[in-house]
1. Over the stretch 3-178, what is the relative contact order in percent, taking alpha-carbon pairs closer than 8 angstrom and at least six residues apart?
2. Could you please rank VAL56, VAL23, placing first whichever residue has the fewest other Cβ atoms within 10 Å of its Cβ?
3. Among GLU36, GLU140, GLU59, which comes first, then next, by fewest other beta-carbon atoms within 10 Å?
4. Order by neighbour count: HIS116, HIS5, HIS105, fewest other Cβ atoms within 10 Å first, most last.
5. Using modelled backbone amide H atoms (1.01 Å from N, in-plane), which distant-in-sequence or interchain residues come within less than 5 Å of TYR115's amide H?
6. Taking trypsin sites (Lys or Arg not before Pro) as exposed when DSSP calls them loop (any state but H, G, I, E, B) and at most 14 other Cβ atoms lie within 10 Å, what is the longest stretch of the chain free of them, the sites themselves excluded?
7. Restricting to DSSP H runs of at least four residues, report the calculated mean residue ellipticity at 222 nm for the chain, -39500 (n - 2.57) per run over all residues, nearest 500 deg cm²/dmol.
8. Can you give the direction-averaged projected area of the convex hull of the alpha-carbon atoms in the chain, in nm²?
Amino acid sequence: MPGCHEHYIIITGGPGSGKSTLVEHLGAQGFATREEAGRAIIQDQVAISGRALPWVDPELFAELMVSWDLRSYRTAAGPGPVVFDRGLVDTIGYLRMLGRPVPRHLLTAAETFRYHRRVFAAPPWPEIYEQDSERKQSLEEAERTYEAIVRAYADHGYDVVALPRAPVEERAAFVAGAVPLP
């Protein structure tokens, strides 16, 4: 299972940049997809009055994201491409952005469980950015998140490709044109 899975495609970026919409669109086109850890964890933790929330205990939140992403990686095995809404390296960027230490086991996970070398990053997009009950960051925080995540992927040997600020259909065509997908 560990190793490089060239058919595991990462869509990343700051909050509110349209990445989840793109992943959902690719899923509707028949691609296997994996849901983002952060939003689901926040929803679950709020539902159970848990403390693994980015505004309560960021380190515990990060640990749950690592666990979620490892599980997503393991369950994604299959013959065709799988599009991930974020990956393990996102948590490294998140912790760095907060000025928190990155645990050794997270660095090991990011080096052990590799994705396609080309990662697609949705840049901050002020015209579509919206806060909601799970996305509490300001646009400025979203921009810092994007920068930290892009830097983390580059530091881990990935080629980061910025997605165009364009309708979802154009973004999907851009991804399909940049990575050989079926």
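Computed from the coordinates by the stated procedures, all read-outs in this text should not be read as laboratory data. Bear in mind that the values here come from a model prediction, so they are computed numbers and not experimental data. Here the Cβ is made from the backbone with ideal geometry for all residues, glycine too, and neighbour counts use every protein chain on show.
1. Over the stretch 3-178, the number comes to 36 percent.
2. Ascending number of Cβ neighbours within 10 Å: VAL56, VAL23.
3. Fewest-to-most ranking of GLU36, GLU140, GLU59: GLU140, GLU59, GLU36.
4. Placing the least packed residue first, the sequence is HIS105, HIS5, HIS116.
5. HIS5
6. So the longest stretch without any such site is 52-116.
7. Computed mean residue ellipticity for the chain: -15000 deg cm²/dmol.
8. Computed as one quarter of the Cα hull surface, the answer is 9.6 nm².
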